[in-house]
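Just below is one structure, and these are the notes that go with it.
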Amino acid sequence: MFLGVIVNVLAVVAGSAVGLFFKNKLKERYQKALTAVIALGVVGIGASYAIKTQNLLVMILSLIIGTLLGTWIRIDDRLESLGDKLQSRIKQAGGTFAEGFAGASILFCVGSMAIMGCMNSALSGNHDILLTKSIMDGVTSVFLASAMGVGVMFSALSVLIYQGLLTLGFSLFAGGLDSAVVNEISAVGGIILFGIAINMLQLKKVKTGDMALALFAPIGLVPLIALLGL
């Protein structure tokens with residue numbers, strides 16, 4: 001049942017290792033250029049997710065409610081604190097560990113592929129979607145790690161926990177999620193990806209970690225909005 005999740009985790013670790021190897025081979029100007037290109041790619045991915053929304057009200061309310069809750073809980077601050085602690089333990093130089101960890105965690109965890117892949121793995125034992133996602137994440141982690149450092153490798157822990165819990169949850173609650181809910185979760189994730197790209201380009205500090213709970217808001221909002229006829 002967890003084969004797809006395990007392969008996905010290993011792909012992120014392996015890709016990050018390759019990226020870290022090439023990190024020392026790249027001059028700073030190339031690393032900056034690579035970061036900019038990756039950020040633009042993240043914008044493209046975010047746009048492809050965001051346009052899936054079928055109800056802008058659901059997407060906006062999800063972002064508002066999720067961000068307010070996340071800010072109250074201080075998710076982003078806690079993620080950065082965790083990143084800083086891991087950074088000090090491995091004596092990683094530089095200040096990009098937390099950004100790499102938090103940014104890559106959200107990048108690898110949002111989107112319909114993670115949800116549908118975990119659903120298929122749990123309910124039918126079909127791992128095709130997660131295996132395809134593993135290839136994509138593995139390639140992406142090469143470039144992310146070369147630009148943002150070892151924090152990207154530790155995002156494999158987020159993938160393990162998030163997708164592992166999703167798979168376990170779907171195995172316990174047969175039936176999964178309505179396609180409309182999945183679309184809105186993906187759309188919300190797309191907007192969060194825009195924030196990640198802004199952080200990568202160092203245009204402004206966007207606390208994307210505080211927005212993470214917004215991914216779960218459509219589960220309740222989609223049926224509520226449909227009931228109200230909005």
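The values are calculated or read from the model by the stated rules, or taken from the named source; none is laboratory data. Here the structure is a predicted model, which means the values were calculated and not measured. No Cβ is skipped: glycine too gets one built from the backbone with ideal geometry, and neighbour counts run over all protein chains shown. These area figures cover heavy atoms from the full protein model, side chains too; ligands, DNA and RNA do not enter into them. Shrake-Rupley method; radii C 1.70, N 1.55, O 1.52, S 1.80 Å.
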Open item on the list: Just the residues that are closer than 17 Å to Leu56 by Cβ and open to solvent by 30 Å² or more (accessible area, probe 1.4 Å), please, taken from region 175-210.
Closed with: Asn183, Ile191, Phe194
- [ ] With the condition kept exactly as written, say whether any residue in region 136-145 is modelled with pLDDT of 85 or more and acidic (Asp, Glu).
- [x] yes
TODO: Kindly provide the set of residues from region 132-152 that are open to solvent by 50 Å² or more (accessible area, probe 1.4 Å), touching a residue at least 60 places away in the same chain (Cβ under 8 Å) and under 20 Å from Thr35 (Cα atoms), ordered by number.
DONE: Val139, Phe143
Open item on the list: Cβ-Cβ distance below 9 Å, separation of 6 or more or different chains: which pairs start in region 198-213 with a residue that is closer than 16 Å to Ala36 by Cα and end on one that is of a type in the set (Ser, Thr, Tyr) and buried (at least 24 other Cβ atoms within 10 Å of the Cβ)?
Closed with: Ile198/Thr208; Asn199/Thr208
Open item on the list: Just to verify a result, which residue in region 106-131, among those that are open to solvent by less than 10 Å² (accessible area, probe 1.4 Å) and at pLDDT 80 or above, is nearest to Gly70 (Cα to Cα)?
Closed with: Phe108
